[in-house]
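Just so you know, all these numbers are worked out from the coordinates, no wet-lab data involved. This one's a predicted model, so the numbers in the text were calculated from it and none came from an experiment. Ideal geometry is used to build each Cβ from the backbone, glycine not excepted, and the neighbour counts take in all protein chains shown.
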Amino acid sequence: MFRFDHLTVPAIRTELPGPRAAELLARDTVHVSGSYTRVYPLVVEEGSGAVIVDVDGNRFLDFTAGIAVANTGHCHPQVVAAIQDQAAKLIHMSGTDFYYRPQIELAERLSQLAPGPSAKKVFFCNSGAEAIEAALKLARWHTERSRVIAFFGAFHGRTYGAMSLSGSKLTHRRGFSPLVPDVHHVNFPKNEPGAAERLIRELEETVFHRTAPPEEVAAIFVEPIQGEGGYYALPEGCLEALRELCDKYGIMLVLDEVQSGFGRTGKMFAVQHTEVEPDIVCMAKGIASGLPLGAIVAKATVMDWPPGSHASTFGGNPIACRAALATLELLEGGYIANAVVRGEQLRAGLRTLPELSNVRGKGLMVAADLPTPARKEAVIDACFRKGLLLPGCGASAL
Ligand code: PLP
């Protein structure tokens, strides 16, 4: 089904970077923004399934999934066919001004698949950060409140609202002030007994008491599993406790499932490991197997903003929507079940390796710690040179 035989990877034939890669890297250095977070000099030519081929013909096994995007593998033939079919029919017509079938069909599917029994509505955009912006605007609009609670360690994106909600690294913020005001950060709970009670106590007795009157709080933004922050899941009971707290004070519970969504954890959305129904879910990354698409799915009673109040020229582009529909079919047709089985296999294997500790995660959203950040960098680089693509997260995790 995929173009490359997985048994032929890894296959490193040149020094890294190879001659063609080196030539392109030199041009990139001159012309491309230096702000990106490139970790190693991989110049990609093709991808198929879990295999990446670089411009010099070296084959790598891709454990990055294009940074949590290629949930159905690179260039799955069914996704490619949907893209090609749609590209020949209609590439763009602006779904914020007109109507077309793929956007309506995808909104129906996402409404059905989103967590919880309430009727849902969908707003389409192009990225994770844009989904966060949309959720922030909707929460403020719907509640007529300004303040927002977010977590240290969280990463929500790099636009102003998303950056203001993030609490991960100073490099994301340094030099970019002033940020969006009225964002209050709290500690992401450690996985210890009593974590949920402590979290609620911190919010009610400290934050709501000292800095953020609860009747002014529009939303709590949280990743069910922190991605960039280190692949830390909210401890058991925390989502339920946050739901209860939000209900008590009329606050919107907003889940950032940009990284944890679309089958990665062995459920369509990570929150579905619980019974909690959020008010708004933010999604992007794996939604369309690599085409740019983001969305928020909110309770229909919450998505009550009027015409013209929020929109996006490209959001919900027909080709991206067709890719997403094909992606959802594959995820439900076996890829999510596969993530459960392969995730267990991966964690079991990682536990047998020296140096790695704290092997954690759900499904294929898996991490393990190395002793130091420097060791993490060294292992990531060594794996690249042997043909395994790995991303890091948190301070010293793979
Ligand atoms: N939210 C989470 C949890 C993410 O991991 C990311 C990106 O890594 C974002 C939001 C931002 O997504 P994007 O880069 O598409 O703007």
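Bridging of residue 89 to lysines at a Cα separation below 19 Å is possible for none of them, once same-chain residues fewer than 8 apart are set aside.
For the chain, what does -39500 (n - 2.57) per DSSP helix run (n ≥ 4), summed and divided by total residues, give at 222 nm, in deg cm²/dmol to the nearest 500?
On the way: 11 runs with 127 residues, N = 398.
Per the formula, -10000 deg cm²/dmol.
Only lysines eight or more places from residue 267 in sequence, or on another chain, were considered; those with a Cα closer than 16 Å are 285, 362.
Charge tally around residue 278: other residues with Cβ under 15 Å, Lys/Arg +1 each, Asp/Glu -1 each, net -4. Summing charges over all other residues whose Cβ lies under 10 Å from the Cβ of residue 187, with Lys and Arg as +1 and Asp and Glu as -1, gives +1.
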